[in-house]
Amino acid sequence: ATGRNLERACEKLQWPNLSYCEDVSVPAGPAQADMLKRRIDRNPGDSLAYVALATLALRPGALAAGEEDAVLAAAVRVAPNDVNVLRLQADRLIRAEQWDAAAPALVKLVRDHEDPGASKVLAGMMGQGLASKAIQAQMSRDGHWFSVIVGQCLQPKCPLWQLMVFVPRALELGILTPELSARLISGLRELGAWTDAHALWTRVWGRPLQLV
């Protein structure tokens, strides 16, 4: 898959004047890594080459042992907003349980790239202690990503109750709109979480819920 992705980049002229594109038949691995490194040597500011090399690092044996971290760090430095770099960065940080650093990368993926995989991961992290706190720290008046996560947690297999710890802060920031609140209340009712549903209704609309 990695090799085909690089081939498509050449076909779409996303790799102009790249020596790699002179021979896309070379199997994805050390040979391609060497080609990309030579391109970086010629132009240290070439962000596309850094992104390609960081992606290629996913292939076992493509880079020397211990080289992956340095390659990813370089890609993050020159292309911090690239969707593939953000995914690689978030994956590495999650595996290391570095939640305070992983949360911003995941939020950026959802907010700026509408990444469905990142929204699922964030939804799953919301009920996990330190990970949950790291996500709460990312909450701001830019609530688009939070609304995406609420929508994700309204899907089957997502424990909706874990969102409740985020509700007070969301209300304070004004990002839990009446429409979003209504969807959340409906989801809580379907789960039989009547107390939470009633509490949220009262907080949003300022009156008791007469009929559920």
Exercise for the section: Add +1 for every Lys or Arg and -1 for every Asp or Glu among the other residues with Cβ under 10 Å from the Cβ of L48, and state the total. Expected result: -1
Fill in the blank from the handout: Full extension between R203 and E172 adds, at 0.36 nm per residue less the Cα distance, a length in nm of 10.1 nm
Practice task
Show W194, W161, W201 ordered by accessible area, largest first, where the area counts protein heavy atoms only and the probe is 1.4 Å.
Solution key: W161, W194, W201
Completion exercise
Taking r as the C-beta separation of N84 and D142 and R0 as 30 Å, the FRET efficiency to the nearest 0.05 is 0.85
Completion exercise
Taking r as the C-beta separation of K157 and D34 and R0 as 30 Å, the FRET efficiency to the nearest 0.05 is 0.10
Handout entry: Within the stretch 39-177: Cβ-based charge dipole about Cα centre, in debye rounded to nearest 20 (Lys, Arg +1; Asp, Glu -1)
Key = 240 debye
Exercise for the section: Work out, step by step, the length gained on full extension between H113 and E190: first 0.36 nm times the residue separation, then minus their alpha carbon distance; give nm to one decimal. Expected result: 24.6 nm
Problem - Candidate aspartates and glutamates - alpha carbon under 14 Å from K133, same-chain residues fewer than 8 apart omitted - result: E97, D100
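The values are calculated or read from the model by the stated rules, or taken from the named source; none is laboratory data. A quick note: this is a predicted structure, and the numbers were derived from the prediction, not measured. Virtual Cβ from ideal backbone geometry, glycine too; neighbours counted across all protein chains shown. Accessible surface is based on the protein model in full, side chains and every heavy atom, while ligands, DNA and RNA are left aside. Shrake-Rupley method; radii C 1.70, N 1.55, O 1.52, S 1.80 Å.
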